[in-house]
Amino acid sequence: MRRRRQPEEPIKGDMTPMIDVTFQLLIFFMLTIKFKTLEGKLSAYLPKDVGVNTTQAEPKEKLEIKLKVIAEGTKLMPRHNQAWTGEGAFRYGPDRVVQYSVGPRTTRDIKELAKRLHELFQANPEQPVTLDALPGIVYDDVVQVLDQAINAGYRDITFIGYDVTKENKAG
Amino acid sequence: MKLSRTDPKTDVGIDMTPMIDVVFQLIIFFMLITDMTQKELEELVLPDAQNADPDKPDPTVVRPILNILADGKILVKRRVLYDPQHDDGYTELKSFLAQQALRMPKKPVNDDGTGPLVPDNPLLIRADQSTPFKYIQQVMYLCGLTGIQIWKIQLAAAEQNPDQKPKPQE
């Protein structure tokens, strides 16, 4: 009589080394992936009409926020409170002073800026915002201001691009 | 007729097959994930922001990611497109952006559907917290050039986590 199904055969050969290697790989990938933290993003815009001939003029007056460095601050290591070694990335200490100008008013306190933006948004929620950074400003400063502007409720936030290479040659 | 189902010498006791299957699945999963993230995202210290939207990348959407290091080096997918030490006048970055802009879906520049078509997808800028903003302004300037005209940008930030950030010393 022929059997229809072969009986299950036990696994032949030693599986232990393969399982060992597999686990090693698994542990390696699990550890490497841990470094990737969840990232967030802040949306903003660039002037739409640069280089394009648009018939539409800008009808709305924009709220301009200017950033200027008053005191550069001490450079610290990116993740510790130790002095910067002079190589690679760094972070500014709490003694960094940045001046924020919103229209005619200026402030050096980010909380005051947040309050002011909140008031202005309540008064005119439709107003677009432009962010302008003077030389010396780093990415962190801009993100903090952008964060406060978004927090106040503004969604139409525009940056102004500069051809830095040309300005350097001219100056 | 007697059929012995198992051979007592080689029998491991438990069937290992499902476990090995699951482990292989996990390995494949982690390999794919690490490959995707490490290609595009450089190791940077992003500034903290409270209002950052969580970023869920969609591989079907064309969204170039520029990594700008603290020294102004611009990397895309591990390739250096601009290095302030070997200034090429941003030609390489310009051609990259133009090429990306070409692949993006286009929309008319004005909200009422008139005007020339401009790319409608964003560009994600990931910069280190200490990157001078002039490098980013330069990228923004390049985005506005004829043939690129990318006008939507996203600035990467870390979602605020008070445990990770060192406490400021007074």
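Any read-out appearing in this document is the output of simple, stated calculations on the displayed coordinates, not a laboratory observation. Keep in mind that what you see is a predicted model, and the values were worked out from it rather than measured. Cβ sites come from the backbone with ideal geometry, for glycine too, and all protein chains shown count toward neighbours.
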Exercise for review: Return the average number of partner chain Cβ atoms within 10 angstrom of each residue Cβ along peptide B:42-55.
Suggested key: 6
**Study point:** the range B:87-125 versus the range A:78-130: alpha-carbon centroid distance in Å
**Key:** 29
Point to revise | Under Karplus coefficients 6.51, -1.76 and 1.60, residue-wise ³J(HN,Hα) of the range B:83-94 in Hz, glycine/proline x | key: 9, x, 6, 10, 5, 10, x, 6, 5, 5, 5, 4
Study note, to complete from the structure: Packing-ranked peptide list from A:64-76, B:65-77, highest mean Cβ count within 10 angstrom first, is B:65-77, A:64-76
Practice item. Would you grab the residues whose amide H sits under 5 Å from the one on residue B:82? Only those 5+ places off in sequence or on another chain, please, with H modelled 1.01 Å from N. Key: B:74
Practice item. Evaluate the range A:63-170: find the radius of gyration of its Cα atoms, find its Kirkwood radius, and give the ratio Rg to Rh. Key: 1.02
Revision key, fill the gap. Residue by residue through the range A:110-117, the couplings from Karplus 6.51 cos²θ - 1.76 cosθ + 1.60 with θ = phi - 60°, in Hz, x for Gly and Pro, are 5, 5, 5, 4, 4, 5, 5, 5
Practice item. Read phi for every residue in the range A:88-96 and hand back ³J(HN,Hα) as whole Hz from Karplus 6.51 cos²θ - 1.76 cosθ + 1.60, θ = phi - 60°, with x for Gly and Pro. Key: x, 6, 9, 9, 8, x, x, 8, 6
Exercise for review: Name the residues whose placed amide hydrogens come within less than 5 Å of the amide hydrogen of residue B:70, ignoring near sequence neighbours (fewer than 5 apart) on the same chain.
Suggested key: B:128
Exercise for review: Quick one: of A:111/B:106; A:75/A:115; A:115/B:106; A:111/B:77; A:68/B:107, which pairs are farther than 31 Å apart, Cα to Cα?
Suggested key: A:111/B:106; A:115/B:106; A:111/B:77; A:68/B:107
Review point. Relative contact order for the range A:63-170 using alpha-carbon pairs under 8 Å, separation at least 6, rounded to a whole percent?
Key: 30
